[in-house]
Amino acid sequence: MATEQTFNYASRTYSTIRQDLLTRANKVAPEWTDRDPSDFGMLFVDLWSYMGDILHYYVDRAGRESFISTATQRESLVAYANMFGYIPSGRASSIATVYIANSSSASSYSIPAGTKFSAVSDNKTYYFYNIDDATVGPSVSAAVTLFEGTQVVDEILSTSASGAPNQSYILGYSDADMKTTSVYVTEDGVKTLWLRYSSVQEIPKNARGFVVSLAASGDVRVTFGNRTNG
């Protein structure tokens, strides 16, 4: 008794799908014998084989992105983090301590917050800044804590916020340090420092709060409350 011919579902490439289709065609359409590339039937076989190859490629990619150990896309990892309530920390600036000596024996030297420092290593320049004011007394040295990067001051996220729930804004620098991000909101001409929280749900009712999170694109997003929290 003849056995019904079935497809080999392990055939996932253009060439193997094409061969399976031609084998099937020999059974269901034996009168079609022309295998010339210019034949209209061969055109459809090639197109279906090409489509099958592409679909299997995406199936494989989707399967790999379903596991943390094989995922390659940032979007997949951020989605996993959100699913389990984990908040990615994003990039963090390196911290260094330098000692600055004051050679003057008569006067102190002030180093205001935001002063830029630079260091050169392997022909590459690295920039730092201090976030606290420092004073170096006469003929002494003082330790100053520096953060790697360039301090960005007064970046305007919006000038026409509508007050709608969960408004989000992307910072202009994709490599911004989430831990040192501060937000001021001007209302009725008064500039007020808002407080940062780890999630919108943790913002107390009617509190002036915001959340800093890492977007799937790698950008840093600032999100305000939903009128119930924040």
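Among the residues of the stretch 68-75, are any charged (D, E, K, R) and in contact with a Ser or Thr (Cβ under 6 Å, 6 or more places away or on another chain)? Full working, then the answer.
Our first condition is that a residue be charged (D, E, K, R); within the stretch 68-75, this holds for 74-75.
Imposing the further condition that a residue be in contact with a Ser or Thr (Cβ under 6 Å, 6 or more places away or on another chain) reduces the set to none.
There is no residue in the stretch 68-75 that is charged (D, E, K, R) and in contact with a Ser or Thr (Cβ under 6 Å, 6 or more places away or on another chain).
Cβ-Cβ contacts under 6 Å between residues 6 or more apart (or on different chains), taken from a first residue in the stretch 132-146 that is of a type in the set (S, T, N, Q) to a second residue that is assigned to a strand (DSSP E or B), are listed as THR135/SER110; SER141/TYR99; SER141/ALA101; THR145/THR97. Quick check, is SER213 assigned to a loop (DSSP other than H, G, I, E, B) and out of contact with any helix residue (DSSP H, G or I) (no Cβ under 7 Å at 6 or more places or on another chain)? Considered against the rule, which asks whether it is assigned to a loop (DSSP other than H, G, I, E, B) and out of contact with any helix residue (DSSP H, G or I) (no Cβ under 7 Å at 6 or more places or on another chain), SER213 comes out as no.
Residue check: LYS179 meets all listed conditions (1) at pLDDT 85 or above; (2) within 17 Å of LEU214 (Cβ to Cβ); (3) of a type outside the set (Gly, Ala, Ser); (4) outside any loop (DSSP other than H, G, I, E, B) but one, namely (1).
Do we have ASP60 as of a type in the set (D, E, K, R) and either closer than 30 Å to THR181 by Cα or touching a helix residue (DSSP H, G or I) at 6+ places or on another chain (Cβ under 9 Å) (or both) here? Criteria not met by ASP60. Pairing residues of the stretch 148-168 that are at positive phi with residues that are part of a loop (DSSP other than H, G, I, E, B) and surrounded by 13 or more Cβ atoms within 10 Å (Cβ to Cβ), at Cβ distances under 6 Å and at least 6 apart in sequence or on separate chains, gives GLY149/SER93; ASN166/ASN226. Residue count for the stretch 86-105 satisfying the condition of being under 19 Å from the mean Cα position of the chain (by Cα) and in contact (Cβ under 8 Å) with a residue 24 or more places away in the chain: 7. TYR80 - would you say it is in contact (Cβ under 8 Å) with a residue 12 or more places away in the chain and within 30 Å of VAL211 (Cα to Cα)? Yes: the conditions hold for TYR80.
In the list ARG208, ARG196, which residue meets the criterion of being over 16 Å from ASP154 (Cα atoms), under 23 Å from the mean Cα position of the chain (by Cα), modelled with pLDDT of 85 or more and not hydrophobic (A, V, I, L, M, F, W, C)? It would help to see each step written out before you state the result.
On the way: ARG208 fails: under 23 Å from the mean Cα position of the chain (by Cα).
So the residue among ARG208, ARG196 that is over 16 Å from ASP154 (Cα atoms), under 23 Å from the mean Cα position of the chain (by Cα), modelled with pLDDT of 85 or more and not hydrophobic (A, V, I, L, M, F, W, C) is ARG196.
Screening THR125, THR192, THR181 for residues that are closer than 27 Å to GLY90 by Cα and free of Cβ contacts under 8 Å to residues at least 12 places away in the same chain leaves exactly one candidate, THR125. Selection of the stretch 50-104 for residues being assigned to a loop (DSSP other than H, G, I, E, B) and at pLDDT 85 or above yields SER66, PHE67, ILE68, SER69, THR70, ALA71, THR72, GLN73, SER94, ASN102, SER103, SER104. Does ALA113 fit the bill of being out of contact with any Gly (no Cβ under 9 Å at 6 or more places or on another chain) and in a loop (DSSP other than H, G, I, E, B)? Yes: the conditions hold for ALA113.
Hey, could you check the stretch 208-229 for residues that are buried (at least 16 other Cβ atoms within 10 Å of the Cβ) and of a type in the set (D, E, K, R) and say which is farthest from ALA92 (Cα to Cα)?
Of all residues in the stretch 208-229, those buried (at least 16 other Cβ atoms within 10 Å of the Cβ) come to 208-215, 219-225, 229.
Within this subset, residues satisfying the condition of being of a type in the set (D, E, K, R) are 208, 219, 221.
Numbers: ARG208: 25, ASP219: 14, ARG221: 15 Å.
If we take residues in the stretch 208-229 being buried (at least 16 other Cβ atoms within 10 Å of the Cβ) and of a type in the set (D, E, K, R), then ARG208 is farthest from ALA92 (Cα to Cα).
Within the stretch 106-120, the presence of at least one residue that is under 28 Å from the mean Cα position of the chain (by Cα), of a type in the set (Ser, Thr, Tyr) and not assigned by TED's automatic domain parsing to the domain that holds ASP177 is confirmed.
The values are calculated or read from the model by the stated rules, or taken from the named source; none is laboratory data. From a predicted model like this one, the values you see are computed outputs, not experimental measurements. So basically every Cβ, Gly included, is an ideal-geometry build from the backbone, and we count neighbours across all protein chains shown.
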